[in-house]
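Heads up: the structure comes next, in structure tokens.
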Amino acid sequence: MNAQPGTRTLLIRDLVLAARIGVFDREKTAAQRVRIGVELEVLDRPVDDRRIGDVVRYDKLIAEIRAMLAEGHINLVETLAERVAAICLRPADARAARVRVEKLDIEPDAAAVGVEIRRFRT
């Protein structure tokens, strides 16, 4: 019997960054805090500590997310979530991504508002 390769889950939890996001005029003039969470399923391959290039690296994903946010204003949290998912699914070993994006300072009666999506490699 041949076993199918499994997956491992790479986690990025509670990444809080400044983003220019929102459709209201007050949101277009200044950055606001967003919290991003990622659960990225990748193929579970044997790991060699001397070959870190063989694994999907959270530091590189975070750097790409920061760079994407620096590109400019985004209207919707849904759009931001889709862009984060696209970044996460670029590595060849990536299989599925669950992305949560929350705006932290927009609703005074809520700790956060946002969206969560799940996307799969096609």
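A few comments on the model shown:
- Using the average count of surrounding beta-carbon atoms within 10 Å as a protection proxy, the listed peptides 37-43, 24-30, 103-109 rank, highest first, as 37-43, 103-109, 24-30.
- Radius of gyration and Dmax over the Cα atoms of segment 8-122, both given in Å: 15.1, 50
- Nearest-ten-degree value, helix 77-88 long axis tilted from longest Cα axis of the chain: 20 degrees
- Magnitude of the charge dipole for the chain, about its Cα centre and with charges confined to Cβ atoms of Lys, Arg (+1) and Asp, Glu (-1), is about 300 debye.
- Rounded to the nearest 500, the helix-only mean residue ellipticity at 222 nm of the chain stands at -7000 deg cm²/dmol, with each DSSP H run of n ≥ 4 adding -39,500 (n - 2.57).
- If both residues of a DSSP beta bridge must be in the chain, then about 95% of such bridges are antiparallel.
- For segment 61-101, taking the reciprocal of the average inverse distance between every pair of different Cα atoms yields a Kirkwood hydrodynamic radius of 10.7 Å.
- Accessible area, probe 1.4 Å, largest first, for residues ARG57, ARG90: ARG90, ARG57
- Portion, in percent, of the accessible area of the chain that falls on carbon or sulfur, probe 1.4 Å: 49 percent
The values are calculated or read from the model by the stated rules, or taken from the named source; none is laboratory data. Please read these numbers as outputs of a predicted model, since none were measured by experiment. For neighbour counting, all protein chains shown are included, and Cβ atoms are generated from backbone atoms with ideal geometry for every residue, glycine included. Heavy atoms of the whole protein, side chains included, go into the accessibility calculation; ligands, DNA and RNA do not. Shrake-Rupley method; radii C 1.70, N 1.55, O 1.52, S 1.80 Å.
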